[in-house]
Amino acid sequence: MIKPDSSGDPLVDLVMRGIGCALPTEYASQVTPELYRNLKRRNVWLDAIAQLLCLAGLFGGIFLKLWIRGKPFQYRGWDFGVQIGLAVALPMTFILLIGVFRGRMRLREFLVFYSLKYGMDARKVFFWIYAPMVLFGIVCAYFSYKP
């Protein structure tokens, strides 16, 4: 059975394991260590790009208001929601584009890798956690940027 990778931070690992208990992956018992090494070799760069896009969305949300409205930093709670939404929307879009341009099998391979690496079912995480966060970001953007 494949164990999830450690993030190096015990608190993050605790949260990830908690989510993994709520949204368990069925792949952990079906994948051999050799197959996981191959999945990791093929997908670690995609995961790294998704993590960079997450940071870009998080920090980009700070400057988005300045760029759109041209106002100095008057940070409100809605702006934090925009940051959260962008931090999830950018990597999600990238991962979905993998499926569009590389095919469903490549997307499925990445989702299996993601599930094994983080110890939670990626499809359920995307649907039950990430999609609501993107919707939250859209709602916050509406209230933050309305004239």
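For region 1-37, the candidate set comprises residues that are under 16 Å from Asp121 (Cα atoms) and of a type in the set (Asp, Glu); within that set, the residue that is surrounded by the fewest Cβ atoms within 10 Å (Cβ to Cβ) is Glu26. Residues that are surrounded by 17 or more Cβ atoms within 10 Å (Cβ to Cβ) number at least 3 in the following helices (runs of 4 or more DSSP H) confined to region 77-129: 77-102, 104-118.
Going residue by residue through region 36-49, is there one that turns out to be among the aromatic types (Phe, Trp, Tyr), in a helix (DSSP H, G or I), under 10 Å from the mean Cα position of the chain (by Cα) and within 20 Å of Gly20 (Cα to Cα)? There is no residue in region 36-49 that is among the aromatic types (Phe, Trp, Tyr), in a helix (DSSP H, G or I), under 10 Å from the mean Cα position of the chain (by Cα) and within 20 Å of Gly20 (Cα to Cα). For Phe126, the stated conditions do not hold, so it cannot be described as out of contact with any His (no Cβ under 6 Å at 6 or more places or on another chain), over 17 Å from Gly57 (Cβ atoms) and modelled with pLDDT under 95. Contact map, region 37-62: residues that are more than 23 Å from Trp78 (Cα to Cα) and in contact (Cβ under 8 Å) with a residue 12 or more places away in the chain paired with residues that are among the β-branched types (Val, Ile, Thr) and in a helix (DSSP H, G or I), Cβ distance under 9 Å, separation 6+ or inter-chain. Pairs shown: Leu39/Val112; Asn43/Val112; Leu46/Ile95; Leu46/Ile98; Ala50/Ile95.
The values are calculated or read from the model by the stated rules, or taken from the named source; none is laboratory data. Computed from a prediction, not measured in an experiment: that's the story for all the values here. Cβ coordinates were reconstructed from backbone atoms using ideal geometry, including for glycine residues, and neighbour counts include every protein chain displayed.
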